[in-house]
Amino acid sequence: MDAILNILFNPLPNAIMTVLTGISLLYWLFTMLIGEGFDFGDADVDLDFDGADVHEVDGPDDADLQAEGGEASLLTKAMNFINIGKAPFMVIVTLFKFIGWLVTIATSLALNLAQYGWKSVLILIPVFLLTFFFMHYVTIPLAKLYKKVGYSGEESLDFLGRTGKMRSSIEHDRLGSVELIIDSDVIRLNVKSLNGEKIAYDDQVTIVDEAADRKFYYVKKEITLNNIH
């Protein structure tokens with residue numbers, strides 16, 4: 001037993017990943033106890049980028065997007081890569097921690113990281129990158145499973161009338177992204193300006209309509225005391 005505990009909590013990277021994985025385990029135990037369990041169909045965290053053409057943000061005038069909010073596009077692509085939106089967010093986060101935990105323990109044993117003391121924590125950087133790469137393939141069957149059982153992603157939430165902050169600048173027909181917080185869950189959606197007016201990065205906006213093909217939403221700038229000129 002002592003040997004197992006030593007592996008789980010020594011060196012420091014093992015301890016960090018063991019604690020993170022343990023937190024996820026406690027989360028699922030808690031959700032099971034209150035009767036929610038693994039959510040098939042109407043997940044609490046729904047980030048549906050399925051079908052959205054994120055490449056529409058690229059174009060001749062993309063420089064302004066990169067300058068003011070380019071990280072949103074990168075984050076969206078990263079989410080798509082590990083199939084967030086095709087399966088509940090917390091399921092994917094738990095898998096990420098679990099796989100990262102296994103890789104960290106295997107690495108610590110193979111490379112004898114204990115000899116490096118606190119500096120061994122730097123191994124988590126390549127571990128997270130490797131885990132992120134693995135997650136793309138691990139979540140493919142998971143996404144197919146949720147699709148078969150009727151997981152509907154963002155369709156289970158009504159976004160019309162909700163407010164959020166822009167994570168890119170948009171105007172005319174440019175596609176950008178907005179960040180919403182619903183029940184403490186962070187959700188990003190692809191959006192366009194309702195009337196083509198310029199909406200800057202970090203502006204507060206309201207979702208007023210949905211595109212006919214459901215690939216994005218229309219937003220308008222929210223009028224507040226701070227932006228009345």
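The values are calculated or read from the model by the stated rules, or taken from the named source; none is laboratory data. On a predicted model such as this, the values are computed, not experimentally measured, just so you know. We place every Cβ from the backbone using ideal geometry, glycine too, and count neighbours over all the protein chains shown.
What do you reckon, is Leu111 assigned by TED's automatic domain parsing to the domain that holds Asn14, within 19 Å of Ala15 (Cα to Cα) and without any contact (Cβ under 8 Å) to a residue 40 or more places away in the chain? Yes. In the set Asp50, Asp46, only one residue is closer than 30 Å to Val178 by Cβ, surrounded by 19 or more Cβ atoms within 10 Å (Cβ to Cβ) and either modelled with pLDDT under 75 or not small (Gly, Ala, Ser) (or both); that residue is Asp46. Name the residue that is nearest to Ala3 (Cα to Cα), counting only residues in region 93-132 that are surrounded by 11 or more Cβ atoms within 10 Å (Cβ to Cβ) and among the aromatic types (Phe, Trp, Tyr). Across region 93-132, the extreme among qualifying residues is Trp101. No other residue among Asp209, Asp213 is over 22 Å from the mean Cα position of the chain (by Cα) and either modelled with pLDDT of 90 or more or assigned to a strand (DSSP E or B) (or both) apart from Asp209.
Could you grab me the full set of residues in region 73-101 that are of a type in the set (Val, Ile, Thr) and in a helix (DSSP H, G or I)? Outline the logic, then answer.
Taking region 73-101 first, the residues of a type in the set (Val, Ile, Thr) are 76, 82, 84, 91-94, 99.
If the condition is that a residue be of a type in the set (Val, Ile, Thr) and in a helix (DSSP H, G or I), then Thr76, Val91, Ile92, Val93, Thr94, Ile99 are the ones that fit.
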